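Working notes for the structure below.
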Amino acid sequence: MASPFNIRRQTGFTTIAVTCFVLLYMPIILLVVYSFNSGNSIAIWEGFSWRWYQSAWQNEQVQEATVRSLIIALWASGISTSVAVLAALATTRTRKFKGQSAVFAMINQPLMVPEIVTAVALLIFFAMIKVATGYTGLAYLIIAHSAFCIPFAYLPIRARLQGMDLSLEQAAADLYATPFQVFRRITLPQLWPGILAGAMLAFVISLDDVVITEFVKSAGQDTLPTYMLGQLRRVVTPEINAISTVLLGISVTFVIAFTVLSKIKN
């Protein structure tokens, strides 16, 4: 009897897998290592030092960009997660309706359309509003990031809803609970892991975004990623490596938390 197909037993699988992992993670490892370089070069090791972390910590531009990034990411994750919860409920807790697939495609549009297209469209749209109102504040970035992050929050929330047992909600409804009471006392407590996972994923996506931010932001509204991009165009020092390492640590922490929360059972 022939043994079942196993991709790991195929010739060259291990070599190809190891090569892919090395090419994928070696640049990241080098970035982290050289963030501790005591010299000014990003390619020549001159000894271990916390110099560039201290430099980034004391840099006022970095401080302002970091605070601005966190404000935008917190607002964007909160707004996008709230919208995602409503959208997930509307597409999973109702009977199938005509156009449901179109609604699903519209919600996930930012995932399917190239980000540069979304950025240009938002640039044109917000430019018209800026001309009409004269307002150039952070609200444009918050709205743009929120719209872009909705599908990232929506998918884990929808997956959580689809995996939940309807029997408790149906029993509550049979006991004359209103739809809001069913949601608050039955659905929401079970949905929290998905909501937190979606919010964290949206937060990381917003925090790391460059393309949309670069197109939508006004003068003096650099976020941490756009500040780093600007520095790369001028002079490159290990300070950029240090900032990148901190961002990497934040992203990895949130992704791990997202993975853990996604696996939490009822």
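Set the Förster radius R0 to 51 Å, insert the Cβ-Cβ distance between residue 125 and residue 17 as r into 1/(1 + (r/R0)^6), and round the FRET efficiency to 0.05.
Values: r = 44 Å, r/R0 = 0.87.
Once rounded, the FRET efficiency stands at 0.70.
Assuming charge only on the beta carbon of Lys and Arg (+1) and of Asp and Glu (-1), the dipole of region 1-127 about its Cα centre is about 860 debye to the nearest 20.
Gain in length, residue 184 to residue 93, computed as 0.36 nm per residue apart minus the alpha-carbon separation, to one decimal in nm?
Working: separation 91, 0.36 × 91 = 32.76 nm, distance 1.44 nm.
Length gained, residue 184 through residue 93: 31.3 nm.
Rounded to the nearest Hz, the phi-derived 3J(HN,Hα) couplings of region 23-32 under the Karplus curve 6.51 cos²θ - 1.76 cosθ + 1.60 (θ = phi - 60°) are 5, 7, 9, 4, x, 5, 4, 5, 4, 5, where x marks glycine and proline.
Once Lys and Arg get +1 and Asp and Glu get -1 on their Cβ, which of 106, 126, 167 lies farthest toward the positive end of the dipole of the chain? Positive-most Cα among the choices belongs to 167.
Which whole number of Å³ per residue matches the convex hull of the alpha-carbon atoms in region 14-64? Walk me through the intermediate numbers first.
Values: hull volume 5.0 nm³, N = 51.
It comes to 98 Å³ per residue, whole-number rounded.
Would you mind pulling out the separation of the Cα centroids of region 171-199 and region 138-168, in Å? First find each Cα centre; the distance between them is then 16 Å. Of 25, 34, 154, the sequence from fewest to most neighbouring Cβ atoms within 10 angstrom is 25, 34, 154. For region 60-262, how big is the tail of P(r) above 22 Å, as a whole percent of Cα pairs? I get 56 percent for the Cα pairs in region 60-262 exceeding 22 Å.
If you add up the charges near residue 221, with Lys and Arg at +1 and Asp and Glu at -1, over every other residue whose beta carbon is less than 14 angstrom from its beta carbon, what do you get? Net charge around residue 221: -1. Rounded to the nearest 500, the helix-only mean residue ellipticity at 222 nm of the chain stands at -23500 deg cm²/dmol, with each DSSP H run of n ≥ 4 adding -39,500 (n - 2.57). Taking the number of Cβ atoms within 10 Å of each Cβ as an exposure proxy, the fewest-first ranking of 92, 11, 259 is 11, 259, 92.
Computed from the C-beta positions of residue 33 and residue 162 and an R0 of 51 Å, the FRET efficiency is 0.75 to the nearest 0.05.
By other beta-carbon atoms within 10 Å, ranking 233, 93, 51 with the fewest at the front produces 233, 93, 51.
Whole-Hz Karplus values for region 186-203 come out as 10, 6, 4, x, 6, 8, 3, x, x, 5, 5, 5, x, 5, 5, 5, 5, 4 Hz, taken residue by residue from phi with 6.51 cos²θ - 1.76 cosθ + 1.60 and θ = phi - 60°; glycine and proline positions read x.
Taking the average, over residues, of other Cβ atoms within 10 Å as the packing measure, peptides 212-219, 166-173 rank 212-219, 166-173 from highest down.
Just so you know, all these numbers are worked out from the coordinates, no wet-lab data involved. Just so it is clear, the model here is predicted, and its values are computed rather than measured. As a convention, Cβ positions derive from the backbone with ideal geometry for all residues, glycine included, and neighbour counts pool all protein chains shown.
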